[in-house]
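Taken together, the values in this text are just the output of simple stated rules run on the coordinates, not laboratory data. Here the structure is a predicted model, which is why all the values come from computation and not from measurement. Cβ coordinates were reconstructed from backbone atoms using ideal geometry, including for glycine residues, and neighbour counts include every protein chain displayed.
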Amino acid sequence: MPYSVIIRIFLILISVKVCKSGNILILNSWQSKSHALTMLPMAEKLQEIGHSVAMYHNNLAPLGKISDKINSIESVGKISIKPGHTVGEVFWNFQVDPLVYEPPFVFSLEIMKSVINDENLATVLNTSYDVVLVDEIFMSMQAAVALKLKQKFGSRIGIFATTDVNVLFTQYKGLGRNPITETNFYTSHFDMYDVNVERFWWRLKSFITHLKEIYIHYVNDYHMKGAGELLEISSSFDEIFGNSLFTLMEFPYNFGYPVTKSSNLFHIMHFCPESKLLSEDYLKFIEDPTYEAVIYVAFGSFTDWTVAPNGTIEKFVNALNDLEEYKIIWSYNGPSVSHLVKSHIMVTSWAPQHGILSHKKVQAFFTHGGQKSLKEGICTATPLLFFPLFSDQPKNTANAILMGIAEAVNKFNFTSEVISEKLRIILRTKSYAERMEKASLCLRKLIFRILVPLNFHRQACASSRRSGTFYLEIGKKFRVQR
């Protein structure tokens, strides 16, 4: 056994500490079931090992039950949103740009105003939590509540980044990342195939984007302060990042260009789950020997097909109907298309995504390119066709194209023919599957390297009030005294 392995095992063993259970709160971004589900595996694991875990949601509509294992607390508010600027409409119609990131901070603040007297919010604000984890995106509400709990009870604050963090976050945390020497967080849909940090024009465009990001940062800081005023607390980016002791990050650090890291930024990377046995209906459909392969189509819970641009659904239906040599499973929750699709297409409002992608006959995944979909595609070694809508999705797409594991369709100028042509390219070109196998192996090696520290990351053990100390067990790298 190599000496390095022996030393690592020794250090891990001497770092083990018996901890008392802690009371942990996770503050989810507004109206985001996707983010809640990203944070859920860690929350359930903490609950399993003896901690008491609650997750608070601040929404415009009920989120619904997300888990039987943790306490889910919800406040439902009501606000007026400018026509054309709902989340669904922004996803379909807007280009990713820093200036578009102001409305979500406004929505977070306005929802908070509408539920300020809500009993569930009052319960959260009057409960002593040892640790408060803050969803990093659109954090007007999350930051104010976390800082209020720190003021009242001395709660420790951590950040949970459900996707890649933006440049300003890395500057607050002293990571010194250069915004023009990595794939831009605000990558344009028209630049997904042209990312090249060595090109002057690319770097110039990234620099201009960063100037806009700095401007909108000060605008959004105003909304952060407004949320703090509701709770009579000073809240801002400086306050929340200055008071956060660690950051948990789901984004794989070996995806894309190399970036700087730090000792209090932890890539927790929940494991590639074991695939569950599919039901007889799915197995019969997938294993039909008369078809070459199976394509799985899914666009996440945030995609609102009812506000898609005119003709969009018809283009998707025509593209999938054209692929008659393949079976297709389409996870879709929009207006009915059952009367439009051909017999080789199964349309379902929900599908066991990981189980489907794990089947060896499923050889292409057509997706919006969200963080979880990207990871599941790599985990199951399924080549990808991206149709990025918003947020981190164009950046994820650009990085996947650079890795040679994906193709992309631009939402602003696509046709049915482009979709069907690119799916056929992915399915008939062996290099996509070969490179995806290598990417999957790399991800699993990354997860293995993180597996041992994870056993201690998740021991976010908070002692009782009487002892007056708090430990986040990460091989004893991190300790905070009251």
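Structural remarks
- Per-residue [θ]222 nm for the chain (sum of -39500 (n - 2.57) over DSSP H runs n ≥ 4, rounded to 500): -13000 deg cm²/dmol
- Cleavage-rule hits, GluC sites (Glu not before Pro), region 189-230, DSSP coil, Cβ neighbours within 10 Å at most 15: E198
- Around the Cα centre of region 280-441, unit charges on the Cβ atoms of Lys, Arg, Asp and Glu (plus for the first two, minus for the last two) sum to a dipole of about 400 debye.
- The magnitude of the dipole of the chain, with charges of +1 and -1 set on the Cβ of Lys/Arg and Asp/Glu and taken from the Cα centre, is near 1800 debye.
- Over region 48-176, equivalent-ellipsoid semi-axes from the Cα gyration tensor in Å: 26, 21, 15
- Exposure proxy order (Cβ contacts within 10 Å, fewest to most) of V145, V297, V124: V124, V297, V145
- Overall form of region 283-342 per C-alpha gyration tensor (a/c, 1.5; a/b vs b/c): prolate
- Taking the fewest neighbouring Cβ atoms within 10 Å as the starting point, the ordered list for Y193, Y326 is Y193, Y326.
- Charged side chains reduced to their Cβ positions (Lys and Arg at +1, Asp and Glu at -1) give region 126-249 a dipole of some 180 debye around its Cα centre.
- Whole-Hz ³J(HN,Hα) from phi, Karplus 6.51 cos²θ - 1.76 cosθ + 1.60, for region 142-154, glycine and proline x: 4, 5, 4, 5, 4, 5, 5, 5, 5, 5, 7, 10, x
- Region 146-196 and region 263-300: distance between their alpha carbon centers, rounded to Å: 29
- Between the Cα long axis of helix 312-322 and the first principal axis of the chain there is an angle of about 50°, rounded to the nearest 10.
- Between helix 393-403 and the chain: long-axis angle, C-alpha atoms, 0 to 90°, nearest 10: 70
- Angle in degrees between helix 3-15 and the longest Cα principal axis of the chain, rounded to the nearest 10: 50
- For the chain, share of DSSP beta bridges that run antiparallel, in % to the nearest 5: 10
- For region 280-441, the residue among L384, P335, I345 whose Cα projects farthest onto the positive side of the dipole built from Cβ charges is L384.
- Computed log₁₀ I(q)/I(0) - Debye formula, equal Cα scatterers, no solvent, region 280-441, q 0.18, 0.20 Å⁻¹: -1.13, -1.46
- For region 358-413 versus region 47-120, the spacing of their alpha-carbon centroids is 26 Å.
- Principal semi-axes in Å for the chain [√(5λ), Cα gyration tensor, largest first]: 37, 27, 23
- Packing around the peptides 26-39, 130-143, taken as the average count of other Cβ atoms within 10 Å per residue, puts them in this order, highest first: 130-143, 26-39.
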